[in-house]
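For reference, the structure discussed in these notes is given below.
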Amino acid sequence: MKKHFNLISQAQHCVEVFFEVIGQPYEPHKRQRLHLVPRAAIGVALSRLVGDDIAGLALEKDRTTIIHYRHKHKTHMLYHEGYSTMFETAQNVVDSYMNEAAKADRLLYIDNAIKLLMKEKEKIQSKLNV
């Protein structure tokens, strides 16, 4: 798996994974329902975890578009056929991918902290042994 070291690239990769899962290419600028429904679903799912700005960057949309998606979410869940399934899929992808990516980043941080502490320990020991 490709490593992503910041939240924006993790969110972008999450969008890619979602569209692979649903078997559809991501078309950020097309306005047909076929493209809008999954984009809104992943936008809402992502914004709950990373916020509107980062979700917008990941989807190549303005943050106000993400806010619009969130405001229309309840209506879409009730009245748009297929949206609830799409949102559930998006939520599962976001939860599984972003949580795993966060764990991997935390492990990397801990490894780097251990290396720094080991270097400091060696410096102190070398001064004591003089």
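The values are calculated or read from the model by the stated rules, or taken from the named source; none is laboratory data. Because the structure is a prediction, the values reported are computed rather than measured. Please note: Cβ atoms are built from the backbone with ideal geometry, for glycine as well, and neighbour counts cover all protein chains shown. We work out accessible area using only protein heavy atoms, side chains counted, and drop any ligands, DNA or RNA first. Shrake-Rupley method; radii C 1.70, N 1.55, O 1.52, S 1.80 Å.
Once the mean of 1/r is taken over each pair of separate Cα atoms and inverted, the chain shows a Kirkwood hydrodynamic radius of 16.4 Å.
About the centre of its Cα atoms, the chain shows a dipole size close to 340 debye [charges on the beta carbon of Lys, Arg (+1) and Asp, Glu (-1) only; nearest 20 debye]. Here r is the Cβ-Cβ distance between Val17 and Lys127 and R0 is 35 Å; the resulting FRET efficiency, rounded to 0.05, is 0.10.
Applying both filters, DSSP loop and at most 16 other Cβ atoms within 10 Å, to the GluC sites (Glu not before Pro) of region 18-107 gives Glu60, Glu81.
Could you state the accessible area per residue of the chain in Å², with a 1.4 Å probe and every protein chain left in place? Let's see the in-between values first.
On the way: 8890 Å² over 130 residues.
On a per-residue basis, 68 Å².
Paramagnetic label reach from Ile67 (point 7 Å along Cα→Cβ; backbone nitrogen cut-off under 11 Å): within region 32-55, residues 52-53.
Of the accessible area of the chain, computed with a 1.4 Å probe over protein heavy atoms only, carbon and sulfur atoms account for 56 percent. Taking the chain as the region of interest, the number of lysine pairs whose Cα atoms are within less than 23 Å, with members eight or more places apart or on different chains, is 12.
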